[in-house]
Every structure is written in C-alpha cells, then in structure tokens.
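Please read the structure below before turning to the comments.
The values are calculated or read from the model by the stated rules, or taken from the named source; none is laboratory data. Bear in mind the structure is a predicted one, so any value in this text is a computation, not a measurement. As a convention, Cβ positions derive from the backbone with ideal geometry for all residues, glycine included, and neighbour counts pool all protein chains shown.
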Amino acid sequence: MKVSGGPKTTVTVDASKIATVRRNNLGLVLRLLRDHGARSRAQIAAESGLPKATVTSLIGELVERGLVREGAADRSKGVGRPGQSLEVAGSAICALGLEVNADYIGVVALDLRGTEVFTTRVAVDVRELSADAALDALARVIREAAAAVAAQGVQVIGMCLATPGVVDAEAGTVVFAPNIGWQDVHVPRRLGERLPAALPAVQVDNDARLAAVAEHARYAARGVSELLLLTGEAGVAGSVITRGRLLRGNASLAGEIGHAALGIPGRQCRCGRTGCWETVVGLGALLERVADEGDPVRDAAGDLEERMSDVLARARAGDPRTLAALEETAASAAHGVSILADILNPEIIVLGGYFAFFGDYFVPVVKQRLDERAMLPTFPGIEVVRSPMGFSAAALGAARFVLDSVFQDPTLVDAPEPVTTA
Ligand SMILES: [Zn+2]
C-alpha cells in the first residue's frame with residue numbers, strides 16, 4: 001500500500017488494522033464453510049456480505065494455506081456455468097488433544113475437518129507417580145502420536161493438555177490438581193523440555209472445561225447456549241456454558257462443584273477439606289460401594305474402561321450389591337444436579353465421564369429428581385443426556401480448542417513449503 005504524507009506511525013497502524021481485518025475475514029469464510037458445508041464463491045459472498053473480489057482473494061489465501069480446497073462443481077442453480085464448490089480441507093494438519101487423569105494418559109489427533117486421525121490411551125496410575133514421571137510418560141505418548149501422524153503426512157499445528165483441578169490457562173500452569181498430585185506445574189516449559197523442538201508449545205486447561213467445549217459444539221447448531229456438563233471421574237467437575245461461552249469465574253474456579261459441601265460431613269477429601277461432594281459421587285466412592293479391596297475393579301493399574309465394563313456386566317446380570325451401589329451413587333449425583341439446575345437454569349445437562357458410561361442408571365434418576373423438584377410444570381423442562389464421547393471428551397475438547405484458534409485466525413497455519421524437484 002502506498003501512503004504519501006503523514007507521520008510514519010500512521011502507516012504502521014493502518015497496515016496492522018488492514019491485517020486484522022483480513023485475518024477476521026479469513027476466519028469468517030473458513031467458519032462459514034465449517035458450519036454450513038461446501039458452497040460456491042458467489043454463495044460465500046452473498047452470505048458473508050463481502051464483495052466477490054474480496055472473497056476470491058480470501059479463498060485464494062485459504063487454498064494456499066491448505067485450509068480450503070475446490071470440491072465438486074455446484075450445479076444446484078440449474079442452467080448456466082456451475083460455480084466451483086469449496087470446502088474445508090486441512091487433512092494435512094492436525095491438533096493434538098492430550099489428557100492426563102488419575103487413571104490414564106490419552107492423546108487424540110483431529111484434523112481440521114474434525115476427523116480423528118490418531119488416538120491412544122495408556123492405563124497409568126498417575127497418583128503413584130511424581131509430576132516429572134507423569135510428564136515423562138506423557139511426552140512418550142506425544143512422541144508416539146507425532147510419529148504416527150507424520151507417517152500419514154499430517155503435521156501437528158498445536159497441542160493442548162487437559163488436566164483435572166485448578167488450571168491457570170493464561171499462564172499455562174496447573175495450579176492445584178490433588179487427583180493427580182500436581183501443584184504449580186508449568187506445562188509449556190516442563191513438557192517442552194521433554195519434546196523435540198519441532199513440535200509446537202503445549203497449552204493447558206481444565207479437563208471438564210475442555211470437555212464442555214466439545215459438548216457444546218454438538219448442540220451449537222441447534223442454538224443451545226445454556227449447557228451444564230457434569231463429569232464424573234476420580235473427581236467430579238461441573239462446566240458451565242452460558243450465553244454460548246465458557247464460565248471461568250474470578251480465579252478459574254467456576255465449576256469446582258466436586259468440592260462443594262454436598263457429601264457426608266467430616267469425610268476427608270483429597271483437597272484438604274472435608275465433606276466434599278466427590279467423596280460420595282466420585283468414581284472411587286462408587287467402586288468402594290461395588291466391591292471390596294482386592295477386587296480387580298478397584299485396581300487402579302487396570303484399564304479403566306475394562307474395569308467399568310466389568311461393573312456394568314455385574315449390574316446387567318442383576319448383582320444386588322452393584323445395583324445398590326449404582327442407585328445410591330446416582331441419588332447423590334441427582335441431589336447435586338438439582339441444586340446446580342436451580343442456580344444455573346440450563347437448557348441441557350450433559351452427564352459425562354463415568355456418569356455417561358453408567359447412563360442407563362444415572363440419567364433416569366437425575367431426570368426424576370429434576371421433575372420432582374420442578375417449581376412449575378409450565379417451566380421449560382431440562383433435557384438430561386449422556387455424553388456420547390465417553391472418556392475421550394476432554395482430549396477431544398482440547399484438540400477442538402486448538403482447531404478453534406485456526407478458525408478464528410487462519411494465518412496461524414503457514415502455507416506448506418513448495419515442493420522442489422531437483
Ligand atoms: Zn474436596
């Protein structure tokens with residue numbers, strides 16, 4: 001751009017403003033293709049309100065960056081020259097969603113279209129490990145994932161780790177996570193030391209919050225903006241989407257419902273308090289009710305899903321102790337959910353983690369409790385659903401969180417190096 005006259009600083013500001021507008025428009029077009037599917041340049045121009053010439057230029061850049069590709073010709077208009085249809089590409093790039101939990105370490109790789117290109121979960125009793133040993137184990141799994149996607153010709157553009165507990169996402173620090181024994185762990189630095197420099201820096205956020213990002217994405221097209229996700233694992237966490245956005249609270253503590261005094265007064269919790277809700281609805285509380293110590297379902301070194309499947313099989317076979325344990329735990333869960341529903345007035349309550357795995361036993365009890373306590377039958381009811389994502393929701397949410405940043409700012413992805421034939 002040629003600017004004559006005026007102080008130099010004005011030129012700089014204008015240039016950065018223009019770059020910002022361009023970035024926003026690139027994101028607008030990319031999100032339009034993501035949310036509404038393949039369409040022609042003319043359609044994009046009509047729907048975005050951008051001039052056709054601008055759309056053509058934006059599409060050119062998105063194609064160059066490998067984010068959009070020409071699809072089949074669009075003949076929906078009938079006669080005349082068909083407009084070339086465009087769609088989200090991005091199968092050559094992926095985001096790694098990582099998760100460290102009390103019982104396992106998991107990684108999932110999603111390409112830009114949201115297709116899972118790699119996934120793994122390793123049973124690890126993280127509580128028995130130091131933070132350094134757990135980070136070593138995580139780094140091994142990341143290297144394995146990076147090698148597996150590289151073999152498919154896919155490049156890792158970003159990584160985000162989901163952990164339980166209090167996480168300062170902005171600082172990149174797991175502040176206090178008693179369920180995995182981490183305190184003040186600076187993730188980008190401590191993980192960066194263990195990984196090849198070619199891999200991008202790792203972001204971090206709370207697992208339930210990231211899972212809510214993944215859950216909300218499934219309902220956003222329906223216009224749902226008030227959603228509560230309640231995740232049952234070793235701990236219990238609530239994640240709140242209100243007006244379509246994640247509720248974080250003043251010190252990133254919003255949703256730490258597992259440590260509310262809804263449990264049995266006096267019972268010691270890992271967090272240092274007593275009487276916390278998770279001491280009666282956490283996975284540990286359920287397993288203690290299901291079986292005595294020494295039973296394989298209580299062996300934290302065993303694969304979590306196998307142990308859960310074992311418990312489910314006992315319930316389906318009508319084992320009285322297992323059924324009583326599920327009933328008692330579901331009643332405790334329903335008690336807490338009804339309080340949250342009164343405070344937050346959500347449209348949808350999603351039960352995640354082990355609550356979803358035992359959804360047949362939890363969902364009806366929670367629904368019944370909400371119906372019993374409904375103040376007026378004319379109030380809109382609350383939909384109670386189980387998460388279909390199971391234990392991978394947090395890792396999926398972490399990967400989606402990284403991909404979302406590309407849909408906001410496509411310039412985060414560089415155009416691939418031109419192939420030279422020597
Ligand atoms: Zn507690």
Kindly indicate the residue of the stretch 215-233 that is in contact with a Leu (Cβ under 8 Å, 6 or more places away or on another chain) and surrounded by fewer than 24 Cβ atoms within 10 Å (Cβ to Cβ) and also nearest to E99 (Cα to Cα) among those meeting that condition.
H216
Yes or no: D319 of a type in the set (D, E, K, R), surrounded by fewer than 17 Cβ atoms within 10 Å (Cβ to Cβ) and in contact (Cβ under 8 Å) with a residue 60 or more places away in the chain?
no
Considering (1) surrounded by 14 or more Cβ atoms within 10 Å (Cβ to Cβ); (2) of a type in the set (S, T, N, Q); (3) within 16 Å of the ligand (Cβ to nearest atom); (4) over 18 Å from G352 (Cα atoms), say which one S252 fails and leave the rest.
(3)
Some residue of the stretch 252-263 being more than 28 Å from A139 (Cα to Cα), touching a Leu at 6+ places or on another chain (Cβ under 6 Å) and not in a loop (DSSP other than H, G, I, E, B)
no
Just name the residue that is surrounded by the fewest Cβ atoms within 10 Å (Cβ to Cβ) out of those in the stretch 288-308 that are at pLDDT 90 or above and under 26 Å from the mean Cα position of the chain (by Cα).
E306
What is the one condition in (1) part of a helix (DSSP H, G or I); (2) modelled with pLDDT of 85 or more; (3) out of contact with any helix residue (DSSP H, G or I) (no Cβ under 8 Å at 6 or more places or on another chain) that L210 does not satisfy?
(3)
Could you list, in sequence order, all residues of the stretch 255-270 that are more than 14 Å from I339 (Cβ to Cβ) and more than 10 Å from the ligand (Cβ to nearest atom)?
I264, P265, G266
Counting only residues that are surrounded by 20 or more Cβ atoms within 10 Å (Cβ to Cβ) and in contact (Cβ under 8 Å) with a residue 40 or more places away in the chain, which one in the stretch 271-287 is farthest from the ligand (Cβ to nearest atom)?
L286
Here is a list: A139, A171, A131, A148. Which entry is over 30 Å from L33 (Cα atoms), among the aliphatic types (A, V, I, L, M), out of contact with any helix residue (DSSP H, G or I) (no Cβ under 9 Å at 6 or more places or on another chain) and away from the ligand (no atom under 16 Å from the Cβ)?
A171
Condition check: surrounded by 16 or more Cβ atoms within 10 Å (Cβ to Cβ), farther than 21 Å from L286 by Cα and aliphatic (A, V, I, L, M). Does A334 satisfy that?
no
Counting residues that are at negative phi and of a type in the set (A, V, I, L, M, F, W, C), which helices (runs of 4 or more DSSP H) fully inside the stretch 273-319 reach at least 3?
283-290, 304-316
Out of V236, V290, V311, I need the residue that is closer than 25 Å to G106 by Cα, more than 16 Å from the ligand (Cβ to nearest atom) and in contact (Cβ under 8 Å) with a residue 12 or more places away in the chain. Which one?
V311
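Looking at the stretch 161-200, which of the residues that are part of a loop (DSSP other than H, G, I, E, B) and within 18 Å of the chain's Cα centre (by Cα) is surrounded by the fewest Cβ atoms within 10 Å (Cβ to Cβ)?
E170
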Counting only residues that are more than 25 Å from D125 (Cβ to Cβ), among the hydroxyl-bearing types (S, T, Y) and in contact with a helix residue (DSSP H, G or I) (Cβ under 9 Å, 6 or more places away or on another chain), the stretch 218-261 contains a total of 4
